[in-house]
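Written out below as structure tokens is the structure these notes cover.
Computed from the coordinates by the stated procedures, all read-outs in this text should not be read as laboratory data. Keep in mind that this is a model prediction, so the values were computed, not measured. Cβ placement follows ideal geometry from the backbone for every residue including glycine, while neighbour counts extend to all protein chains displayed.
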Amino acid sequence: MLNKEDFKYKKILAIDYGRKFTGLASFKVDVDPFPLMYGRVAYESDEKLANEILNITEEEFVDVILLGIP
């Protein structure tokens, strides 16, 4: 079972997938007071969305990706 200590100081990118827009938020455990809105990505295709998320994870040094399930 995972607990808060497993994520201590890790940068998390939360993804709220949508067919028109995908919302993104970032959070660094024990650093940020709450998740911060990163922005949103307009949906064009799965490939473009995946590439955009990959670019963000590399630029922002993301440790964990959290995908919301509708």
So what are the ³J(HN,Hα) numbers for segment 18-35, from phi and the Karplus equation (6.51, -1.76, 1.60; θ = phi - 60°), rounded to whole Hz, Gly and Pro as x? x, 7, 9, 9, 10, x, 10, 9, 10, 7, 10, 4, 6, 10, 7, x, 6, x
Please find the FRET efficiency linking ASN51 to PHE21, where r is the Cβ-Cβ separation and R0 is fixed at 22 Å, and quote it to the nearest 0.05. 0.85
When the helix-only estimate is applied to the chain (DSSP H runs of n ≥ 4, each -39,500 (n - 2.57), divided by the residue count), what is the mean residue ellipticity at 222 nm, nearest 500 deg cm²/dmol? -6500 deg cm²/dmol
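Run through the DSSP bridge list for the chain and note the antiparallel percent, rounded to the nearest 5.
Numbers: 12 of 16 bridges.
If I count the DSSP bridges inside the chain, around 75 percent turn out antiparallel.
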In degrees between 0 and 90, to the nearest 10, how far off the longest principal axis of the chain does helix 46-59 point, with axes built from Cα atoms? 40 degrees
With an 8 Å Cα cut-off and a minimum separation of 6 or more residues, compute the relative contact order for the chain in percent. 37 percent
